[in-house]
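S.K.: Got a structure for you, written out below as structure tokens; questions coming shortly.
The numbers here are math on the coordinates, done by the rules we state, and not lab data. Computed from a prediction, not measured in an experiment: that's the story for all the values here. Positions of Cβ are backbone-derived with ideal geometry, glycine not excepted, and every protein chain shown enters the neighbour counts.
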């Protein structure tokens, strides 16, 4: 949508990255899917695991290779960012 030749503009000539998601057929499918989701099947029917992992990593958690049990020298950290 943002790159290439497949751009679609709204009635006011604005580029709307959410335009495809707002189509009636897509919204019907989303509504049907949401009505089926419950505590038992949420991980199978959605990308919740991916969302949680990416959210945590964006905030500095669950980053591969980081030893979260290691002691941190806050004074050294202060010096690094000063």
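S.K.: May I ask you to compute the full-extension gain from residue 36 to residue 76, defined as 0.36 nm times their residue separation minus their alpha-carbon distance, rounded to one decimal in nm?
M.R.: On the way: separation 40, 0.36 × 40 = 14.40 nm, distance 5.11 nm.
So the extension gain works out to 9.3 nm.
S.K.: Go ahead and set up a Gaussian network model of the chain, Cα springs under 10 Å, then flag whichever of 56, 15, 48 fluctuates most.
M.R.: Judging by the Gaussian network model, the answer is 15.
S.K.: I've got another one for you. The chain: D in µm²/s via Stokes-Einstein (Kirkwood Rh, Cα pairs, 20 °C, 1.002 mPa s)?
M.R.: 122 µm²/s
S.K.: Here's another thing I want to ask about it. Would you kindly state how much longer the chain becomes between residue 2 and residue 58 on full extension, computed as 0.36 nm times their sequence separation minus their alpha carbon distance, in nm to one decimal?
M.R.: Values: separation 56, 0.36 × 56 = 20.16 nm, distance 2.34 nm.
Contour length minus Cα-Cα distance gives 17.8 nm.
S.K.: How high is the FRET efficiency between residue 26 and residue 68 when r is their beta carbon distance and R₀ equals 41 Å, given to the nearest 0.05?
M.R.: Values: r = 40 Å, r/R0 = 0.97.
Once the sixth-power term is evaluated, E becomes 0.55.
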